[in-house]
Amino acid sequence: MKIAFYCPLKPMSSPVLSGDREIARGLSSFLVSRGADVFVLSEFQARFFYQRPAGWLRWLGALFSAYRKARREGPDLFFTYHLYFKAPDAIGFLLAWWFGKPYFVFEGYFRRPPRWQRYWPGLLLANGALSRAAGVFATNTVDYAALRKQ
């Protein structure tokens, strides 16, 4: 099984040590150990990209590059690690829809923050991704409860 793997918050290749990066690497290694062929769909960091016009331009370039990569690699499914309104997946779920493939999220999170009007593009993208997912995995009961309310 070929899996297109995307991390909107921080790419697995980031030189900055973080829990997110290590969990993403661990998930990828786990999938490979179970026989999957995993490739990184995009290195695009989505954190608040929607708050500036230049961010939208960077996103369009990243989306086009990811489309070409997915077309070349032919994934069986799209997998995103850790999305929420601050760093929504604006690539994986769109390409999964485009190619007609299943889409899964590990650590999906949905919460409407105070002053949510500032974040409405991120909220729409995160909600769109979560609502299109064939499966969403939550790692704690707070996230699970928030996702159930959505």
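Once ligands and nucleic acids are excluded and a 1.4 Å probe is used, how much of Trp97 is accessible, expressed in Å² to the nearest 10?
Trp97 exposes around 150 Å² with every protein chain in place.
Return P(r) of region 79-134 (all Cα-Cα pairs; 5 Å bins starting at 0; whole %; ordered from short to long distances).
Histogram of Cα-Cα distances, whole percents per bin: 4, 23, 34, 20, 12, 5, 2, 0.
Comparing Gly19, Gly74, Gly92, which has the greatest mean-square fluctuation in the GNM of the chain with Cα pairs linked when under 10 Å apart?
Ranking Gly19, Gly74, Gly92 by mean-square fluctuation puts Gly19 first.
Full-extension gain between Thr139 and Ser33, please, as 0.36 nm times their residue separation minus the C-alpha to C-alpha distance.
36.1 nm
Counting each DSSP H run of 4 or more residues in the chain as -39500 (n - 2.57), what helix-only mean residue ellipticity at 222 nm follows after dividing by all residues, to the nearest 500 deg cm²/dmol?
-14000 deg cm²/dmol
What residue among Phe39, Phe48, Phe30 shows peak mean-square fluctuation when the chain is described by a Gaussian network model with Cα springs under 10 Å?
Answer for the Gaussian network model of the chain: Phe30.
In square angstrom, what is the accessible area per residue of region 1-81 with a 1.4 angstrom probe?
53
Suppose the chain between Trp120 and Glu73 were pulled fully straight at 0.36 nm per residue; how much longer would it get relative to their current alpha carbon spacing?
13.6 nm
I'd like the FRET efficiency for Leu17 and Val40, computed as 1/(1 + (r/R0)^6) with the beta carbon distance as r and R0 of 22 Å, rounded to 0.05.
0.75
Pick from Glu22, Glu107, Glu43: which is most flexible by mean-square fluctuation in a GNM of the chain where alpha carbon atoms under 10 Å apart are linked?
The residue that fluctuates most here is Glu22.
Determine the relative contact order of region 73-115: mean sequence separation of Cα pairs under 8 Å and six or more apart, normalised by residue count, in whole percent.
Worked out over region 73-115, it gives 51 percent.
The values are calculated or read from the model by the stated rules, or taken from the named source; none is laboratory data. Since the structure is predicted, the reported quantities are computational estimates derived from the model, not experimental observations. Backbone-built Cβ (ideal geometry, glycine too); neighbour counts: all protein chains shown. Note: areas computed on protein heavy atoms with side chains; ligands, DNA, RNA excluded. Shrake-Rupley method; radii C 1.70, N 1.55, O 1.52, S 1.80 Å.
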